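To start, the structure under review is shown below, and the notes come after it.
The values are calculated or read from the model by the stated rules, or taken from the named source; none is laboratory data. Values in this document were obtained by computation on a predicted structure and should not be read as measured data. When we count neighbours, we look across all protein chains shown, and the Cβ atoms used for this are built from the backbone with ideal geometry, even at glycine. We work out accessible area using only protein heavy atoms, side chains counted, and drop any ligands, DNA or RNA first. Shrake-Rupley method; radii C 1.70, N 1.55, O 1.52, S 1.80 Å.
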Amino acid sequence: MFSNRWRFGWDRYTEVDLFTDHNDTNAETLSQAIRAASEEPDADGSVLFGHLQGTVVGLRYYTGVVNSGEMVGLVRQPQNPYDRNAVMVANIYGNQVGHIKKELAAAMAYVMDNKLAKVEGVVHSGTKNKFTMPVMLSFWGKEEKKNTVIEMMARRGYKLNTGGIGQAGSNQSHSSQGARALSLKKGVTIPLTAEELKNAFDNLFEGLMESKDGEKEAAKSVGTPLLPHQKKALSWMCARENKSGLPPFWEKRGELYYNTLTCFSAKEIPERVRGGILADDMGLGKTLTTIALILTNFHNGKPLPVETCEGQSSPLKARTKKQMPPKLEGDGAGVSSRAAASLRTDIPQAEVTCAHTPDESEKSISKGKIKAIKRKPSKDAPGFQEDLDFAAALGGLISDTGFKKKKTSKKATPTLSSDPSIPESAEDLKARATLIICPLSVLSNWLDQFEQHVSANVKLNVYLYYGSDRNRSTKFLSSQDVVITTYNILSSDNGDKSPLHVVNWLRVVLDEGHIIRNPDTLMSKAVLRFKAQRRWILSGTPIQNSVKDLWMLLAFLHLKPFDVREWWNRVIQRPVTQGNKEGLQNLQTLVKCITLRRTKNSEVNGRPLVSLPEKTVCVEKVELSQAEREEYELARNEGRNTIGRYVAEGTVLSNYAHVLAILMRLRQLCCHPDLLAKTSTDLGAAATPAELRERLIEKLRMVLASGSDEECSVCLESVRLPVITHCAHVYCRPCIAQVISTEKETARCPLCRSEIKTSELVEFPQEEMGEENGTNSEKWRTSSKVQALMANLLRLRSEDNRIKCLVVSQFTRFLTILETPLREHGFSYVRLDGTMSLKKRTQVIQEFQSSADSSPVIMLLSLKAGGVGLNLTAASHVFLMDPAWNPATEEQCIDRCHRLGQKRKVCVTKFIVKDSVEENMVKIQKKKQDLLEKAFGSTNTDRKASRISDIKALMEL
DNA sequence: ACCGCCGGGTGCC
DNA sequence: ACCGCCGGGTGCC
């Protein structure tokens, strides 16, 4: 007993009180410790140094058991009072198995503490031993540390076996790694080619849906009929939430649950992953499907009980609250109201917070207790009938819900094939609310979609947890049907005191879940701490860069044992990145089990998943006018000379900013001459003082003409008597004059800290002063591209004056220029760009999507405004005013209108100026698509080289 | 007997 | 632990 207190007596867990019922708390604390101890940010590039046979001692003091071939974790215990070199051995669940024998531990401690190597263990034999057992240790690390480690161990009498060793009974990945190590010197493995890996990843998420999945009708409260593929998704999601199938790589062997990858087994059923990854392409209706899931799948497969406006008038909550004696909260016996579920959310705050979550109780159960419970014949369990009663009370039916107490479900031994429903305890049944976390940019979309898809007569409590005055009451939040918040709120609301971490959620949904792929961010850490029964990730792109992106997602889903980084690294990530085919297969199996992905082009039974209206894309070549052509050629020749010189000197990359500025200038000239001279980078390229002055004036004119109320950064009011500095910032003349007179020679621009002088302030020439607030139509000039657009718009209007168009440009300033002719021709328009507040954005989108007569017919859209998920299906025509570097950006933009819900054919027009940088950009776009595909694993130098060749191609050098 | 041998007590780090 | 180690009991064969 005395020694037990030291089981966790190391590192930051020293103060844990282990005298009180230590058996109940150890597992969770230990796995936390292991998790913390094995924070290995990047196991990539590790090579195998060698193997070593070691001994685990002290088996009889610990409860952790291992199977033949099982992987074990090795954790340093620097605070161990008997030996500060102690190395603990633990199994996958964090149960301690024993210690490494002290002489070996002393040698290992040095290696481990100095991060010279990562040591991993596999037990092949002696698993039934009472006192000691052999363990095969492998040492992994950076190539350059290899010899140090080998020498270090040798000095202490431990010779690392650097050849492959036939490890009888070793698990698959290890034996194959051993074989590889044998066949190759220096432990370097032959990876799959970048191509193969890339293909593998592509296929990782393809064809994940078997057609056997049925369709499920949504609850009545879902107002929008689901499309067939959405019903399939709903059916799949409900099944993932309700069925108790084991997580991938777990199987039942006799009385035990066995993990086929790590060879770990336990009496307890592994935590089931109730949820998964819905990775459908954007536009297939992930949001709608999720809303349908919320309404359709409450407890025991029943719909969410909701208040309706018709029928019974008295609100269910009010009625049932009185019927429910508080003392029954615990087991729910005797509840007879159909609406018990809605009532359960109204329990006092204290009860919620004090109650053990199912999560905690299941992990904190000691082996001894489990045994005790398990030995009880299930039919004698006193709680069984009560739970049935409760289930009946809730759902009006006796389901096959089995007795479940503290997770040790030992109802009639569930067989793998039958997939019985997951039994829920009374504790589980209290959870009501679904928490949705999304990026700010799609927040309004969620609200809209709830508005749109929930039947009008249903009152769903949706709370937006956002803004400084958000309601932080956990009781309040628990009682909602849905709580929506953003990732930013999550990271700022992070601490333990955040109510989001106190509420016992029914379900947590991460929209655009790939956002949490970096485990080091605050929000990723926050996301792991939710108490929730079911967890979902919605993401069109679950893998963005590499396998590593998946770990955080699996950790969020509590997919055992991969929620602990070490097991993920050992079993999946390292084998895969080293090109091990088995590792890749395992990864594929894993992903397949928990993911549903369809694309717009997916087919089911030979028929397309969704039939979107046709989309046509045409390129309209624009001829520059003679004046424009002259100006363009001038700039082009100048740019060519400059860039040509950089190319000759080999300094393209060090002058990259300037090169981009030159290209930018040309691209802008293709659109409209007035786009020039608007940023200080452009100004840097101006040759003469006269030219500079001209451009500054131009810039000033643009600022003032843009209609936005330009603010003076000194007085914080609208600028009066505007002047512009050489660094292209605009102030009131009196304000900036005062700054300069105060600071004298050392005066600096308040915005960018460039030096400023009174003599260098530029103001409007006298004759233009009067016009700045006027219609400025006299100063406004057209361009060939503007005319091309207007011709199209006017033609369309004459065909059908309700046709709506998106007019897209990368240059918000171009959008501003376009406003003038739109106004002149009487087009009603709205504008959406990245600078707008959420509120304004929402309003603009609503206005545009509205079918009212007064609704605007044109949206001026900046290419990158908003993110994925933006729904602009009211438009059926898209005008892309200028080509983007990345064709995917254009595609994404087009998809905002060519997506589910689009009723008309979509017509896309790309304006490209003939004989210009734009034409070359289009050529490069095509090449880029290939490049991007090959970029997988390509080196930095490759990319740089391609960058340079891009530029040469653009300038026709 | 300043040894060897026997057998009981004992046991991770 | 069906070991090794420790230390007390014992002492020809």
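Which order do A:61, A:487, A:82, A:829 take by accessible area at a 1.4 Å probe, largest first? Numbers along the way, then the final one.
Working: A:61 120, A:487 10, A:82 150, A:829 55 Å².
The ordering from most to least exposed comes out as A:82, A:61, A:829, A:487.
So what's Rg/Rh here for the range A:533-683, counting alpha carbon atoms and using the Kirkwood radius for Rh?
Details: Rg = 25.9 Å, Rh = 21.3 Å.
So for the range A:533-683, dividing Rg by the Kirkwood Rh gives 1.21.
Which order do the peptides A:547-556, A:147-156 come out in when sorted by mean C-beta neighbours inside 10 angstrom, highest first? Provide the component values of the computation, followed by the final result.
Numbers: A:547-556: 22.3, A:147-156: 15.4.
Output ranking for A:547-556, A:147-156: A:547-556, A:147-156.
Considering only C-alpha atoms, what is the centroid distance from the range A:431-457 to the range A:536-606, in Å?
27 Å
Would you please classify the overall shape of the range A:49-128 from the alpha carbon gyration tensor, given that a ≥ b ≥ c denote the square roots of the eigenvalues, rounded means a/c under 1.5, and beyond that prolate means a/b larger than b/c while oblate covers the rest? It would help to have the intermediate numbers written out before the result.
Details: a/c = 1.78, a/b = 1.27, b/c = 1.40.
Judged from the Cα gyration tensor, the range A:49-128 comes out oblate (a/c at least 1.5, b/c at or above a/b).
Per residue, how big is the convex hull around the C-alpha atoms of the range A:849-905? Give it to me in cubic angstrom, could you? Walk me through the intermediate numbers first.
Working: hull volume 5.2 nm³, N = 57.
Once divided by residue count, the hull of the range A:849-905 is 92 Å³.
Once both labels are modelled 7 Å past Cα along the beta-carbon direction, what's the residue A:791-residue A:748 spacing in nm?
Each label point lies 7 Å from its Cα, and together they span 5.2 nm.
If you take all C-alpha pairs in the range A:784-933, what percent of them are over 21 Å apart? Intermediate values should be presented prior to the final figure.
Working: 4763 of 11175 pairs.
Counting pairs separated by more than 21 Å, the tail of P(r) holds 43 percent.
What is the spin-label model distance, in nm, from residue A:83 to residue A:763 if the labels are put 7 Å beyond Cα along the C-beta direction?
Distance between the two pseudo-spin positions: 8.5 nm.
Would you work out which of A:587, A:618, A:666 lies farthest towards the positive end of the dipole of the range A:516-667? Charges go on Cβ: Lys and Arg +1, Asp and Glu -1.
The residue sitting farthest along the positive end of the dipole is A:587.
What is the projected area of the convex hull of the Cα atoms of the range A:590-676, averaged over all directions, in nm²? Show your work: numbers first, answer last.
Details: hull surface 48.6 nm².
Orientation-averaged projected area of the Cα hull: 12.1 nm².
Per q in 0.10, 0.19, 0.20 Å⁻¹, report the Debye log10 I(q)/I(0) for the range A:467-622, using one uniform scatterer on each alpha carbon and no solvent.
Log10 of I(q)/I(0), two decimals: -0.50, -1.17, -1.24.
Assuming 0.36 nm per residue, please report the length gained on full extension of the stretch residue A:144 to residue A:468 beyond their Cα-Cα distance. Could the numbers behind the result be given before it?
On the way: separation 324, 0.36 × 324 = 116.64 nm, distance 5.15 nm.
Value of the extension gain: 111.5 nm.
Mind scanning A:525/A:560; A:267/A:581; A:232/A:267; A:785/A:864; A:231/A:430; A:115/A:560 and naming the pairs with a C-alpha gap bigger than 23 Å?
Numbers: A:525/A:560 17 Å; A:267/A:581 31 Å; A:232/A:267 34 Å; A:785/A:864 20 Å; A:231/A:430 27 Å; A:115/A:560 26 Å.
Going by Cα-Cα distance, A:267/A:581; A:232/A:267; A:231/A:430; A:115/A:560 fall outside the 23 Å limit.
May I ask you to order A:287-298, A:244-255 by the average number of other C-beta atoms within 10 Å around their residues, highest value first? Write down the numbers at each step before the final one.
Numbers: A:287-298: 25.4, A:244-255: 16.2.
Per-residue Cβ counts within 10 Å, averaged per peptide and sorted highest first, yield A:287-298, A:244-255.
Starting from the coordinates of the alpha-carbon atoms of the range A:92-171, obtain the Kirkwood hydrodynamic radius over all distinct pairs and give the value in Å to one decimal.
Details: mean 1/r = 0.0717 Å⁻¹.
Kirkwood hydrodynamic radius for the range A:92-171: 13.9 Å.
Could you check the simple spin-label distance between residue A:457 and residue A:68, using points 7 Å along Cα→Cβ, in nm with one decimal?
For the pair residue A:457/residue A:68, the computed spacing is 6.6 nm.
Quick one: net charge around residue A:72, please, counting Lys, Arg +1 and Asp, Glu -1 for every other residue with C-beta under 11 Å from its C-beta. Could you put the intermediate results ahead of the total?
Details: positive: A:570; negative: A:70, A:120, A:566.
Neighbour charge sum, excluding residue A:72 itself: -2.
First measure r as the distance between the Cβ atoms of residue A:839 and residue A:618, then evaluate 1/(1 + (r/R0)^6) with R0 = 30 Å and state the FRET efficiency to the nearest 0.05.
Numbers: r = 36 Å, r/R0 = 1.22.
Efficiency computed from Cβ-Cβ geometry: 0.25.
For Cα pairs less than 8 Å apart in space and 6+ apart in sequence, what is the mean separation divided by the residue count of the range A:784-933, i.e. the relative contact order in percent? Working shown, then result.
Values: 208 pairs, mean separation 38.0, N = 150.
This gives 25 percent for the range A:784-933.
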